[in-house]
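Step one of this worksheet: look at the structure below.
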Amino acid sequence: MAITDLTQVAAPGLRHFGVAAALLDGYAALDTIATGLEAFRHRQQSTMPEPIRIDSPRLCLLAYGAALGAVRQRFWTTTYLSSGFWGSADAEVLDWNRDVARALAANGEAVRRLFLLTRSPEEEIRRWRDDYLLLRKYGDDAGARALDERLDTLLATVAALTALGCDVRVAHDSAQSHRALPSAWAIDGSDAEIAIYDDWRFDIFRGGSSGTVRSVDIHTPALCDFAASFAQASGYFDDLWGTATAATDFLQRIRAGLDAAAARIEYHPLWLARYDHDLSEADERLKHAEFAAVARTLDARGTWGTIGRILDVGTCTARYPIALRAAVRPDGDILGVDYDWDAVRFARHNVRETCSGDARIRIEHADFCAEAFGFEGPFDVITCMLGTFMHFQRDPGGMAAGDDLQRALERFRGLLAPDGILFFTIWTEAARQARDLLSIYSDEDMRKLSGWNGTAVELEARLAAAGLDHAEAISIDGRMQLFCCRPAHQRFN
């Protein structure tokens, strides 16, 4: 029965249910599509002015699956790493991808799946880590687990596709090349995805960001100007593919970022206020004793009042940038950095309240261990105080090139002036075992810090590997040890 015959039968019977007009419109659209496809099949005439649009999620997937079943030479497709679809992958879709991967492998070809990033790789990694940190900071354990599980699903999906011979990569369209595509395609750089099947079809999917395919525009040779459109789609993909890197490596970097975030000590805004105004008497005494030891060391070297530049890493409430003002020249520079935005805001408030007229002090948000730190040395003095040094992720197996702790030491050394000095403190083994740490730490923070089991031998090896030497550690109230480090070629006086 022809489509037109179906409309004649269906319309009268369903008119009273309010669906007749919708069915008539749908059948008319199907009739137009059928006519266009028939014209191409019988006469090789490309008469369709617009692609075939399907806006039923289930039909979108069926059209996708049917096309995959016919592919023999090429299946190239983009998707977005931010897409909720692959973060909770559909078993049926994975089966279709397995089938096409096997079909192409039999012909010596490989599926190319390209995950697109909506921001630069470094920004993408930072965004995942920031989102995870924010969820943990405010107690949304379910949200943090969901983000963790989404990443695990992505890793497992990519691993499964790779095992089948698919080439899976990631890329960022930094050149905004999608803007050169036809405006009718509505490729916006954040949602629409392209799938290319051999040389006889390409699709544009929408809705991936919501986790459900919302619609698909199907381009076939029955479409006017198909050849030119196909060349644009495949050229766009090819250009991005040339800049892409392995997806597994990139996802593992995100995993490392989330693992590092899970190991961090988090600063809740209330914690910051208590750190400044509501510490126990013993903790306040420890803070003052630590600073006094730093001040004595600088004074003994004859540098107090003549220091040019100071960097405080993990500045927290800006205690050291504020307290060290008198040690710095009038034309000097005091930079405090912290990865935690609440700490940065709190520190900036303290600077405004305490020394608003001092233009030497800056408080900036920065990840000290990021590939690009964003601030140039050299610094005459670098501080990382009250156990912040132990917040850097450390490989529990001992010294390991590439963990955050070693990266931090290497960055310290790289930022130090030739005759500069680095100060950092760690909790003593006795304090860690007794959990005699800051009284405002949560039970989870206490557990993390108490489990830090770096030895003196390991620390010596780490410092040497980073090109740093140190004087004998100074005991602070029996709870902390203060390390004063110099570039390895310098001697302590």
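Values quoted throughout were computed directly from the atomic coordinates according to the rules given, and no laboratory measurement underlies them. Owing to the predicted nature of the structure, the values given are computational and were not obtained by experimental measurement. Ideal geometry is used to build each Cβ from the backbone, glycine not excepted, and the neighbour counts take in all protein chains shown.
Computed over the Cα atoms of the stretch 155-280, what is the convex hull's projected area averaged over all directions, in nm²?
Numbers: hull surface 48.8 nm².
Across all orientations, the stretch 155-280 yields a mean hull projection of 12.2 nm².
Tell me the mean residue ellipticity at 222 nm calculated for the chain from its helices only (DSSP H runs of n ≥ 4, each -39500 (n - 2.57), averaged over every residue, nearest 500).
-15000 deg cm²/dmol
By how many nm would the segment from Thr162 to Asp25 lengthen if fully extended, with 0.36 nm per residue of separation less the alpha-carbon distance?
45.0 nm
Hey, could you grab the Kirkwood Rh for the stretch 265-487? Inverse mean 1/r over distinct alpha carbon pairs, Å, one decimal.
17.6
Take peptides 156-164, 138-146 and line them up by average Cβ neighbours within 10 Å, highest first, as a rough protection proxy.
156-164, 138-146
In Å and from the alpha-carbon atoms only, list the Rg and Dmax of the chain.
30.5, 100
How high is the relative contact order of the chain? Use alpha-carbon pairs under 8 Å, at least six apart in sequence, and give a whole percent.
Relative contact order here is 12 percent.
For the stretch 125-215, take the alpha-carbon Rg, divide it by the Kirkwood Rh, and send me Rg/Rh.
Checking Rg against Rh, the ratio lands at 1.04.
Set the Förster distance to 35 Å, then compute FRET efficiency between Thr212 and His349 from the Cβ-Cβ distance, nearest 0.05.
Plugging the Cβ-Cβ distance into 1/(1 + (r/R0)^6) gives 0.20.
Quick one: length gained pulling Asn453 to Ala430 fully straight, 0.36 nm per residue minus the C-alpha distance? Provide the component values of the computation, followed by the final result.
Working: separation 23, 0.36 × 23 = 8.28 nm, distance 1.13 nm.
Stretched out fully, the Asn453 to Ala430 stretch lengthens by 7.2 nm.
Sort Val344, Val313, Val216 so that the residue with the fewest other Cβ atoms within 10 Å of its own Cβ comes first and the one with the most comes last. The partial results should precede the final answer.
Numbers: Val344 21, Val313 27, Val216 24.
Arranged by neighbour count, lowest to highest, Val344, Val313, Val216 become Val344, Val216, Val313.
Order these peptides, 34-47, 417-430, by their mean beta-carbon neighbour count within 10 angstrom, highest first.
The densest-packed peptide leads the list: 417-430, 34-47.
Assign unit charges at the C-beta atoms only (+1 for Lys and Arg, -1 for Asp and Glu), then state the dipole size of the chain relative to its Cα centre in Debye, rounded to the nearest 20.
With only Lys, Arg, Asp and Glu charged at Cβ, the dipole is about 300 debye.
Would you please state the base-10 log of I(q)/I(0) at q = 0.25 1/Å for the stretch 326-368, with intensities from the Debye formula using one equal scatterer on every alpha carbon?
These q points yield log10 I(q)/I(0) values of -0.88.
What is the packing order of peptides 251-259, 55-63, taking the mean over residues of other C-beta atoms within 10 Å and listing the highest first?
In descending order of packing, they fall as 251-259, 55-63.
Considering the stretch 300-411, what Rg and Dmax in Å follow from its alpha-carbon atoms?
14.6, 48
Quick one: Kirkwood hydrodynamic radius for the stretch 47-262, alpha-carbon pairs, angstrom, one decimal?
17.9
Sorted from fewest to most neighbouring beta carbons within 10 Å, what does the list His489, His288 look like?
Final ranking by Cβ density, sparse to dense: His489, His288.
Give the span of the stretch 371-493's Cα atoms along each principal axis, as three whole-Å numbers ordered largest to smallest.
Principal-axis extents of the stretch 371-493 (Cα, largest first): 40, 33, 26 Å.
Across the stretch 448-493, how large is the tail of the calculated P(r) beyond 13 Å, expressed as a percent of all Cα pairs?
Roughly 64 percent, rounded to a whole number.
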